[in-house]
Amino acid sequence: MRFNVEPPDGAPTVAAFLRKCLPGKSWRDAKRLASSGKVWIRGERCLDPERRLAAGDELELRESAPRADRGGQQPAGVRIVFEDKHLLVIDKPSGVQSVPGPRERESAMDLVYAAWRARGQRATGLYKVHRIDKVTSGLLAYARTELAERALYNLFRAHDIERSYRFVAHGEVAARTLDQNMVKDRGDGLRWVTTRPDDGKRAVTHVRPLAALRGATLGEATLDTGRTHQIRVHLAGAGHPLVGDTVYLRDFVAAGGRPLPSGRVCLHAATLGFVHPVTGERLSFTSEPPPDFQAVVAGLTP
């Protein structure tokens, strides 16, 4: 069966759209159809019942299709740090989107579903409550129930979350607070900082050096706000783009800077802490930077 997403539908989730098209199905049925690999979107299999559809998408339901199988092995790079019936925290590898997108063949959610199936566990739906950049590795939380989703969303919105990142940036980075508004487009398609108080949205990043490297600094960043690309933009605006970041490098190069070699953007979500939205327990997680990040640090260590 094929169904087209029309403009009046808005941007429904896969599960919501299936329920609309299949009124005899329950929410549980609709979510199971997607998470078990019965749904294709624009010709590609979708395993995420919470994926948002866009106008013009074509959803195909193949109820007779076999369950998605990834060979019974846990995909490389996936580490489940914490899970209960309300929450999931993972250690995301660099190069993987936090949530599904129209141009992505596989997201961190898909990798989680595959990991669950590999150990014989039913792949239930996940709700996004925050995200980290595709190029960023590290700790990422999802909700597994609507109750947890609402509570975690409110915690992130109120910035009542403990988060810190490890980074490697060009040059000598001093301890400072970067409190600058960010705009989505400075005129050349790049997000950037602005000195105009009535433009953009306020973003606050605290940075401190951890070790001096050859031509770079290993540092830590903590956030008071959560803007897209915030750390990358703030450090690049201060003249210290992240090692490996090809997007926010042009001003550094134009000023005579020489990019240091790296196979990835050197940004890692190292800590995550919050109050469990159901039990009230204080949760705190840490993640060491992965080998590709550590290899860059080792190669630049004096």
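Computed quantities for the displayed model
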item: The chain: relative contact order in percent, alpha carbon pairs under 8 Å with at least 6 residues between; result: 14 percent
item: For 234, 170, order by how many other beta-carbon atoms lie within 10 Å, fewest first; result: 170, 234
item: Least to most buried among 284, 164, 64 (fewest other Cβ within 10 Å first); result: 64, 284, 164
item: Whole-number Å³ per residue for the convex hull built on Cα positions in the range 168-302; result: 131 Å³
item: Calculated [θ] (222 nm, deg cm²/dmol) that DSSP helices of n ≥ 4 give over the chain, each run adding -39,500 (n - 2.57); result: -6000 deg cm²/dmol
item: Gain upon complete extension [residue 124, residue 196; 0.36 nm per residue less C-alpha separation]; result: 21.4 nm
item: Rounded to the nearest 20 debye, dipole of the chain from Cβ charges on Lys, Arg, Asp, Glu; result: 500 debye
item: FRET E, pair residue 224, residue 172, Förster distance 30 Å, beta-carbon r, rounded to 0.05; result: 0.80
item: Computed P(r) (all Cα pairs; the range 241-280; 10 Å bins; percent); result: 25, 33, 16, 15, 10, 1
item: Most positive-pole-ward Cα, 256, 298, 244, against dipole of the range 154-302 from beta carbon charges; result: 256
item: Cleavage-rule hits, trypsin sites (Lys or Arg not before Pro), the range 202-245, DSSP coil, Cβ neighbours within 10 Å at most 16; result: 214
item: Binned Cα-Cα distance frequencies in the range 2-61 - 5 Å width, integer %; result: 4, 23, 36, 27, 10, 1
item: Nearest 10 degrees, 0 to 90: helix 108-118 Cα axis against the chain principal axis; result: 50 degrees
item: From phi via Karplus (6.51, -1.76, 1.60), per-residue ³J(HN,Hα) for the range 147-157 in Hz, x at Gly/Pro; result: 4, 5, 4, 4, 5, 5, 4, 5, 5, 5, 5
item: Of (1) 34, 23, 19; (2) 27, 21, 20; (3) 37, 21, 19, the label for semi-axes √(5λ) of the Cα gyration tensor in Å derived from the coordinates; result: (3)
item: Spatially close lysines, pair count over the chain: Cα under 23 Å, gap of eight or more or interchain; result: 15
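Every read-out reported here was derived from the displayed coordinates using simple, explicitly stated rules and does not represent laboratory data. Computed from a predicted model, the values in this text were never measured in an experiment. Every residue, glycine as well, gets a Cβ built from its backbone with ideal geometry; the counts of neighbours run over all protein chains shown.
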